[in-house]
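See structure below.
The values are calculated or read from the model by the stated rules, or taken from the named source; none is laboratory data. Since this is a predicted model, take the numbers as computed values, not measurements. For neighbour counting, all protein chains shown are included, and Cβ atoms are generated from backbone atoms with ideal geometry for every residue, glycine included.
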Amino acid sequence: MTKVAMTLNGKKVTADVEDRTLLVHYIREAQGLTGTHVGCDTSQCGACVVHVNGRAVKSCTMLAAQASNAEVLTVEGLANGAELHPVQAAFREHHGLQCGFCTPGMIMTAVDMIQRHGGNLDEKTIRHELEGNICRCTGYHNIVKAIKAAADQMSALQTAAE
Amino acid sequence: MYETNYHRASSVEEAGKLFTGSEDAKYLGGGQTLIPTMKQRLAAPVDLVDLGGIDDLKGIAEDSGALRIGAGTTHYDVATSDVVKRLIPGLAHLAACIGDPAVRHMGTMGGSIANNDPAADYPSALVALGATVTTSTRELSAEEFFTGMFETALEEDEIVIAVSFPVPEKSAYSKYPNPASRYAMAGVFVAKTKDGSVRVAATGAGQDGVFRIAAMEQALAETWSADAVAGISVDAGDLLSDIHGTAEYRANLVTVMAKRAVAAAG
């Protein structure tokens, strides 16, 4: 057992876990945040995507101990109180989900993608960037629309702020 | 996953001591192969020595006609580095084709080459560019380093420190990814060095991992054009055959990827 401490959605947390504990299990079981999902468990589907030190990673393919003392952001950390994050709002507006199982990973991947590309996101780039996230319901079309809309909105907000 | 003991090393020396002090240890790079392998219980090291906290292993620098990339540098950092894009754009493109964005954020060059998966991308670049691998004890040419499928010249406790790539006149990589895994079904890296010699290396296709294609190298040294390699086939008898594709299919892919790589290099 090892004491693993990290900053999870802005809050300092700690838990004693086995060294073999995956980050996704630390988040779900030790910290009780079940928004991050386990889909394929083989690094393919992306339902478990979270951000570690600002970068999207698959939390089923990383030990909790590797994220020791890191800043970890999950889907629960995106909204500002009752106000949804622009990407969350865009997924609702554009119906970017059906069953919702892949949605937390899709949204965390989308936020990361928009952070890296800013407002320069076109449909082709979005589809390429979604290679590591699998959705079995939507055919991706509305997910791509939602990400494009959120990227445009966030980039316009940023321009207005400047 | 079986039980394991996790250790985070803060220096190469400390990592080596942790490793040799264990009865059965493995080094952990970005973990994008090793963690899934452990989850499938195909690997069960008693001790895991994480190299991810060693700052000396990270970084990209131009160094007297060569590009030096620390073994702990992620695929994402290679793919987006202005220095890599300026000096060896083919290498930046290759890194951008590995796995998916989340995998590229974690996976490292050192981890990839130390594993020497026959379908990994980097081995083709190292061999075609004539790279030198610096380890904790010595320097090896890429061709000395890669010795066979999942096999390298590394001793058990030896650590890859950095890879140094001579800057070529031009180079490019073309890959046909497996549609599910994104590993190379066949990937070909072509490079023309500043002294005019040509090297061509293929990954994903060979039974013993990465290999050079001498006939293509000779043809391209005479005429640098996609047409020069269009009629050259590799022997299917030496290629992988599995549920994803037959050896004959891969042999055809190697020629097609070589043509595309030469065209991309310009």
Counting only helices (runs of 4 or more DSSP H) wholly inside the range A:65-157, the ones holding at least 1 residues that are within 13 Å of chain B (Cβ to nearest Cβ) are A:103-117, A:123-129
Residues of the range A:102-154 that turn out to be within 21 Å of A:Ala79 (Cβ to Cβ) and surrounded by fewer than 18 Cβ atoms within 10 Å (Cβ to Cβ), as a count
3
Would you call A:Glu29 closer than 27 Å to B:Thr108 by Cβ, outside the structural domain of A:Ile143 (by TED's automatic domain parsing) and not polar (S, T, N, Q)?
no
State whether the residues of the range B:242-261 include one that is free of Cβ contacts under 8 Å to residues at least 40 places away in the same chain and either in contact with a Pro (Cβ under 6 Å, 6 or more places away or on another chain) or crowded, with 23+ Cβ neighbours inside 10 Å (or both).
no
Counted residues in the range A:22-43 being crowded, with 20+ Cβ neighbours inside 10 Å and at the interface with chain B (Cβ under 9 Å from one of its Cβ atoms) come to 2
Which of the strands (runs of 3 or more DSSP E) found entirely inside the range B:1-119 contain at least 3 residues meeting this: within 14 Å of another protein chain (Cβ to nearest Cβ) and either without any contact (Cβ under 8 Å) to a residue 12 or more places away in the chain or not basic (Lys, Arg) (or both)?
B:5-8, B:25-28, B:47-50
Just one listed residue, out of B:Ile113, B:Ile54, is under 21 Å from B:Phe146 (Cα atoms) and at pLDDT 95 or above, and it is B:Ile113
Would a scan of the range B:60-70 turn up a residue that is at positive phi and surrounded by fewer than 18 Cβ atoms within 10 Å (Cβ to Cβ)?
yes
Quickly run through the range A:93-113 and pick out the residues that are farther than 12 Å from A:Asn142 by Cβ and within 12 Å of the chain's Cα centre (by Cα).
A:Cys102, A:Pro104, A:Gly105, A:Ile107, A:Met108, A:Thr109, A:Ala110, A:Val111, A:Asp112, A:Met113
Cross-chain or 6+ apart pairs with Cβ under 6 Å, the range A:100-127 first and closer than 17 Å to A:Gln153 by Cβ, then outside any helix (DSSP H, G or I) and not polar (S, T, N, Q)
A:Asp112/A:Ala56
Filter the range B:127-165 down to the residues that are of a type in the set (Ser, Thr, Tyr) and within 24 Å of B:Asp238 (Cα to Cα), then identify the one that is surrounded by the most Cβ atoms within 10 Å (Cβ to Cβ).
B:Thr152
Quick check on A:Cys137: is it of a type outside the set (Asp, Glu) and touching a helix residue (DSSP H, G or I) at 6+ places or on another chain (Cβ under 9 Å)?
no
Restricting to the range A:49-76, and then to whatever is of a type outside the set (S, T, N, Q) and closer than 11 Å to A:Thr7 by Cα, can you tell me which residue is surrounded by the fewest Cβ atoms within 10 Å (Cβ to Cβ)?
A:Glu71
Assuming A:Ala90 fulfils every condition listed in (1) surrounded by 24 or more Cβ atoms within 10 Å (Cβ to Cβ); (2) closer than 27 Å to B:Thr37 by Cβ; (3) more than 13 Å from the chain's Cα centre (by Cα) apart from one, which condition is it?
(2)
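Each row is one residue, and each column tells you yes or no for (1) in contact with a Phe, Trp or Tyr (Cβ under 7 Å, 6 or more places away or on another chain); (2) more than 22 Å from B:Thr203 (Cβ to Cβ); (3) not hydrophobic (A, V, I, L, M, F, W, C).
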{"position": "B:Leu67", "(1), (2), (3)": "yes, no, no"}
{"position": "B:Ala95", "(1), (2), (3)": "no, no, no"}
{"position": "B:Pro101", "(1), (2), (3)": "no, no, yes"}
{"position": "B:Ala114", "(1), (2), (3)": "no, no, no"}
{"position": "B:Tyr122", "(1), (2), (3)": "no, no, yes"}
